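> I am attaching a structure below and will ask some questions about it afterwards.
Values quoted throughout were computed directly from the atomic coordinates according to the rules given, and no laboratory measurement underlies them. All values derive from a computational prediction rather than experimental measurement. Cβ atoms come from the backbone with ideal geometry, glycine included; neighbour counts cover every protein chain shown.
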Amino acid sequence: MSNKKHFPELNTERLLLRELTMEDAPFIFKLFSNEKMCEYLYDEEVYTNIEDATDFIEWNANPEIKGRN
């Protein structure tokens, strides 16, 4: 039996909210490597490589493992 919580997909006419996947890494990197965006919306260091984005996606998939639930 798995303890992983299912992330529901929420879809409206103007919004799709879904679980992050590794395919989202380039977009996540583009957002969080922007210093201005991070200055106002993010409390971590600016991403400097794509691995920062994949780490973020992995953490979001299993936040309990790294103690940030």
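> How large is the dipole of region 20-61 about the Cα centre if only Lys and Arg carry +1 and Asp and Glu carry -1, each at its Cβ, rounded to the nearest 20 debye?
Using only the charged Cβ atoms, the result is roughly 200 debye.
> Report the extension gain between E35 and F7 in nm, rounded to one decimal, defined as 0.36 nm multiplied by the number of residues separating them, less their alpha carbon distance.
That works out to 7.1 nm of additional length.
> Quick one: compute a quarter of the convex hull surface over the Cα atoms of the chain and quote it in nm².
Computing the convex hull of the Cα atoms and averaging its projections yields 6.1 nm².
> Give the angle, between 0 and 90 degrees and rounded to the nearest 10, that separates the Cα long axis of helix 50-61 from the longest principal axis of the Cα atoms of the chain.
That works out to roughly 30 degrees.
> From the residues F27, N60, Y47, which one has its Cα farthest along the dipole of region 20-61 in the positive direction, the dipole being from +1 and -1 charges on Cβ of Lys/Arg and Asp/Glu about the Cα centre?
Most positive-ward Cα: F27.
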